[in-house]
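Below: one structure, written as structure tokens.
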Amino acid sequence: MSDRPGDHPEARATSTPSGSASVPPESERANRLAKISLAMVPAFIISAVAAGITGFVLLNAKGFEGSESMSVQGGYGWFVLILTNLLIILLPQYVGLALGIKARRLGAGRLATVGIAVNAAMIALWIAVVLLGVL
């Protein structure tokens, strides 16, 4: 057996930290989370289409056309409204907000702050305009 440092089993085990190649540094992870947070903004379009289809299918399953008033649709209409408008449509913004907060805590800085602000603004604007009829 030779006496080179790399030949000894203990030297090989301590020369490279285990798993360090697969774990990105915190700043890279923070920036990646912040970018994903911002990617949730265009995902809003996909979720809006999915919510529209879901609402249409759910209302037609009970025999409603969707143009009836909420008093005619009753509790089922409110269920469909809440499901589609608060859960399905805004799901990417909830995820984007959470990822932005996580990225901010990991040190992403301005990019994470923009992700938080944009996703929070989209949630607030959607609730104000669509559900409360402010504008």
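With 0.36 nm allotted per residue and the present C-alpha distance subtracted, the ASN60-LEU87 stretch has 7.8 nm of extension available.
In the stretch 28-131, taking the dipole from charged Cβ atoms about the Cα centre, the farthest positive-side position among THR54, LEU86, ALA121 is held by ALA121. Between LEU132 and ARG105, residue separation times 0.36 nm minus the direct Cα-Cα distance comes to 6.5 nm.
Values in this text are rule-based calculations from the coordinates and carry no lab data. This structure is a prediction, so every number in the text was calculated from the model and none was measured. Neighbour counts are summed over all protein chains in view; Cβ atoms, including those assigned to glycine, are modelled from backbone coordinates with ideal geometry.
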